[in-house]
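Engineer: Have a look at this one before I ask anything.
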Amino acid sequence: MSPTLHFLNSRLFLCLLVTLPQHYFAFGTSKPTIGLSLRAVLDDSPESPLYLFENLTRAERVEKLIKITYARANYLDLVSRPNAMVVPDNIRIPINRDGFVYIVLFRIGSQRHRVRLLIDTGGGLIWTQCQPCKNCYPQRIGIYDSRVSTSYGKLPCDHPLCHGDDRLYDCVNGECVYRVLYAGGGSTIGVASLESFEFLISNNEAKTFNDVIFGCSNDNINFSFQNGYVSGIFGLSLSPDSMASQFSPLTHARFSYCLVPFRDAIPHPIILRFGEDIPQLPPGQVQTTLFVNPPPRSYLYYLELLDISVGNHRLGFPPNTFKIRPDGSGGCFIDSGSLISRIDSNTVGVNAYVEVLAVFEAYYGSRKLQRTRGPQGLELCYENPANYHDFAAITFHFNGADYNVDGEYGHFFDSVEGLFCVAIIKGSTGTLLGAWHQQNKRIIYDGGIRGLQFADEQCINDVP
């Protein structure tokens with residue numbers, strides 16, 4: 001058994017979707033398979049140095065999460081269109097300092113320089129601020145200086161990432177240069193580079209991975225990370241320059257997590273597992289559905305959604321309701337970077353969002369529950385009678401697998417206001433299975449079979 005790699009000092013914030021594709025650049029396939037394990041803490045938690053929700057009510061917390069979900073939806077729509085460009089001037093990644101964000105702490109270079117990178121699951125490039133700075137925002141730990149690292153190197157212009165029609169970067173004056181724009185006006189410019197990354201595998205032992213592709217950013221504008229805790233971005237999408245892509249040969253392109261229930265929007269730590277560190281699931285309990293090809297230039301995991309049930313009522317949507325449309329919109333994908341699931345309102349021939357909520361409304365209307373106003377963005381809310389537990393489940397019928405969400409995890413509950421809401425928001429460009437509907441489930445992304453596996457699990461028992 002290969003050793004499990006524990007990032008014991010890592011501290012991560014935001015609901016993360018890590019993806020592990022099969023293509024890579026930095027590592028050879030002859031290296032042994034390993035397991036990786038990371039501890040994750042969400043920033044809506046007092047454990048987080050980015051904790052900003054301390055004085056908000058439960059409803060206000062959820063409203064923030066919904067706004068983050070909508071902002072992320074706008075970005076994902078942008079990069080999923082056939083004419084989208086995922087390079088130089090067209091990337092719009094929603095970075096929100098008072099949203100859910102992950103931070104990972106590790107060391108780079110021969111000087112073992114500490115970096116704290118904010119995880120972005122929609123983008124690929126890993127970058128950190130780099131001396132000498134043209135424009136750098138304040139950070140508490142020292143800024144990395146490539147000039148003093150003997151393990152540093154620049155990515156050559158003839159590298160596939162910098163050369164050809166599918167390049168992600170541009171060759172400028174003999175250097176492979178990138179420019180990434182973020183929502184809100186932030187931007188980073190730098191040189192695509194190679195460096196050693198060091199992760200802890202125990203309390204007193206570290207393992208170094210050489211020639212990891214990353215960005216040495218010396219021109220960073222309009223970033224406002226709170227208290228200077230963040231020194232850059234840690235890309236974990238399907239993009240070939242992401243950390244997940246570069247490590248896929250070592251992990252068999254497999255990733256897994258199990259989300260502990262949020263408990264009124266106050267999240268608990270989670271463990272992110274890779275490769276051999278993923279637990280074996282009993283064959284009779286695990287379900288599998290294969291991924292479908294995403295739109296051009298999209299790095300998301302799309303699934304073939306056939307139908308939806310609410311309680312025992314199957315809606316019977318027409319075939320192709322949830323197919324990807326010619327303009328790249330539509331379809332269904334899983335993304336734990338979005339907290340609340342959304343259902344497409346622009347499906348052809350029928351408004352799937354309206355139809356699903358109508359069944360929920362009929363369900364609770366038959367039980368004589370009283371409608372009330374809840375957090376902005378959650379349309380269907382009710383007063384929660386004492387000792388009421390008859391909450392409708394929702395099932396996403398995928399090709400080959402039924403993804404059932406227990407009523408307890410399909411609703412938002414506000415015990416202070418005495419209400420509950422159906423945890424679904426309106427989508428306009430596609431259907432998304434968000435983190436709220438992934439509570440207490442073991443989720444496995446398997447690039448080997450090109451499929452998603454899942455099973456019910458008590459995630460509180462998922463410990464390092």
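Engineer: Mind listing the phi-derived Karplus ³J(HN,Hα) values for the range 364-375, rounded to whole Hz, using 6.51, -1.76 and 1.60 with θ = phi - 60°, and x for any glycine or proline?
Structural biologist: 7, x, 5, 9, 6, 7, 9, 5, 8, 9, x, x
Engineer: Tell me, what ³J(HN,Hα) does each residue in the range 340-348 have, in order and in whole Hz, if you take phi through Karplus 6.51 cos²θ - 1.76 cosθ + 1.60 with θ = phi - 60° and put x for Gly and Pro?
Structural biologist: Values per residue, Gly and Pro as x: 9, 5, 10, 10, 4, 9, 10, 5, 5 Hz.
Engineer: Could you sort the peptides 441-452, 136-147 by per-residue average Cβ neighbour count (10 Å cutoff), highest mean leading?
Structural biologist: Top of the packing list down: 441-452, 136-147.
Engineer: How large is the Rg to Rh ratio of the range 279-342 when both quantities use alpha carbon positions and Rh follows Kirkwood?
Structural biologist: 1.01
Engineer: Right, here's the next one. Hey, what do the phi angles of the range 253-262 turn into as Karplus ³J(HN,Hα) couplings, whole Hz, using 6.51/-1.76/1.60 and θ = phi - 60°, x for Gly and Pro?
Structural biologist: Listing the rounded values in order: 6, 10, 9, 8, 8, 9, 7, 5, x, 6 Hz.
All of the numbers you see were taken from the coordinates with simple rules; none came from a lab. Please read these numbers as outputs of a predicted model, since none were measured by experiment. As a convention, Cβ positions derive from the backbone with ideal geometry for all residues, glycine included, and neighbour counts pool all protein chains shown.
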